[in-house]
1. Any chance you could run the full-extension gain for residue 352 through residue 192? It's 0.36 nm times the residue separation minus the Cα-Cα distance, nm to one decimal.
2. To the nearest 10 Å², what's residue 11's accessible area with a 1.4 Å probe?
3. Working out 0.36 nm times the residue gap between residue 208 and residue 48, then minus their Cα-Cα distance, what length gain in nm do you get to one decimal?
4. When the gyration tensor of region 215-257 is built from Cα positions, what are the square roots of 5 times its three eigenvalues, in whole Å, from largest to smallest?
5. Which residue, chosen from 45, 63, 396, occupies the Cα position most advanced towards the positive end of the dipole of region 14-449, where the dipole is computed from +1 (Lys, Arg) and -1 (Asp, Glu) charges on Cβ about the Cα centre?
6. Give a residue-ordered list of calculated ³J(HN,Hα) values for region 220-230 (Karplus: 6.51 cos²θ - 1.76 cosθ + 1.60, θ = phi - 60°; whole Hz; x for Gly, Pro).
7. How many lysine pairs are close in region 14-449, with Cα atoms under 30 Å apart and the two 8 or more places apart or on different chains?
8. As a check on your grasp of the helix formula, calculate [θ] at 222 nm for the chain: sum -39500 (n - 2.57) over DSSP H runs of n ≥ 4, divide by the residue count, round to the nearest 500.
Amino acid sequence: MPALNAPRAHWASRFGFILAAAGSAIGLGNIWKFPYITGQNGGGAFVLVYLACIFLVGLPIMMAEFLIGRHGQRDAVGSFAALEGKGSPWCLVGWGGVLASFILLSFYSVVAGWSFDYIFKALTGGLSGRSPDEINALFGQLVGSAGQVIFWQALFVAGTVAIVIGGIRGGIERWSKILMPVLFLLLLLLFVRGMLSPGARAGLEFMFRPDFHKLTPAALLDALGHAFFTLSLGAGTMITYGSYLDRDADLFSLSLRITLLDTVVALLAGLAIFPVVFAAGLEPGAGPGLVFQTIPIVFSGLPFGSLLATVFFILLAFAALSSSISMLEVVVAYLIDEKRWPRLLATLLVGAAAFLVGIPSALSFNRWAEVTPLFGKNFFDLCDLLVSSYMLPLGGLMVAIYAGWFWKGAEEKAELVGPTRRPWLFPLWHFLLRFVAPAAVLIVLLNQIGILTG
Ligand code: TRP
């Protein structure tokens, strides 16, 4: 066990940090969730709102989270305690983040498990030579089987635990460095393939021609919530990762690069998927199965299709892993920093607990599909709604209010945001943080609550 006042582990290199933080950001949110919620919310207009949320709300909050973590040099709760004193109400924001990360990990692992199953399917040739209908049915069979889903979910949690036990440099940083670039290349290939397919035009129009009549209040909430989800904000993740960052890192350029990478990957995923959706006559609003039902179709028409499909699902699983490790790390860092638990014990126990809590989510697609405790939604959808639509935006809102209004000496503390080289940056950042981000979150949340009760 490290001595109590041993220097805190830091990232081995700036590049390693970018890849780890981008690895947290880029995950199922980009490749699985973004396309399917874009499909459900009618395309173009939703994408525009989403992009606005990313750059006007998400990016400034990401910078704030990094700053808080880097100044606090502790986990999400401890960083607030280090800045505001132990017992400060701001520590609740950290607490909320730890809780959100834990719930996220529980249901994220279920979907990530599906990608494990698809690796296996692709590897054994189970996806090749099948019609779109058959591929559709395969997805239904998988999620319909409680045993299979839970088996893969368990395996995924075990993988996450194994990496987090290795800690920051040996585990998280090393893996991200190898896998993220390969994922990117493969998505490029899929994108090109999509653009050459007969559905290219319809796909592009769907994603980029806005029809504002399709923007419901629920779509606004989805877009904002997803901006937080895809950038890993509002759950203490970027505070925790920022705490492993050294003092002279240029937070603006790091955050901008992470945000751009994340956005490009989401758009590439959409542009790979929607042409296929239209060419094969599938339903854009098909829901959570969308990637699993379209990508195999693309590959089945390519040379070496089975091989490429295998590689794709391996990378999807790794993208999910580099995200899930960041969720687990938030909780583990809290237990290490605040409760003095050894890393090994913390990781094993939290992993086991997240697996158990995730089981009702796994059952939501089969045995408990009809169990809808609230709002007519099953357990999985409730977890997703609670975390993605409420906890993350609220957590992000509090970070924005803290850094924008309450953090004393924010200007000096944010000096690395770049007053010398970029005199415009601090005022712009502060303005977005003080006014734009809180207004956006409040309007969307209040709107939604009005709808829930009305
Ligand atoms: N951003 C990841 C994705 O898009 C998921 C994720 C990881 C996350 N850590 C998070 C989401 C913390 C919210 C908060 O798949």
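1. Once the chain is fully extended between residue 352 and residue 192, it gains 53.5 nm.
2. It works out to around 20 Å².
3. Using 0.36 nm per residue and subtracting the Cα-Cα distance, I get 56.8 nm.
4. Over the Cα atoms of region 215-257, the semi-axes work out to 28, 12, 5 Å.
5. 63
6. 4, 5, 4, 5, 5, x, 5, 4, 5, 4, 6
7. Eligible lysine pairs with Cα atoms under 30 Å apart amount to 13.
8. -22500 deg cm²/dmol
The values are calculated or read from the model by the stated rules, or taken from the named source; none is laboratory data. This one's a predicted model, so the numbers in the text were calculated from it and none came from an experiment. All Cβ positions, even for glycine, are placed from backbone atoms using ideal geometry, and neighbour counts span all protein chains on display. The protein model used for the area step is the full one, side chains on, heavy atoms only, and it has no ligands, DNA or RNA in it. Shrake-Rupley method; radii C 1.70, N 1.55, O 1.52, S 1.80 Å.
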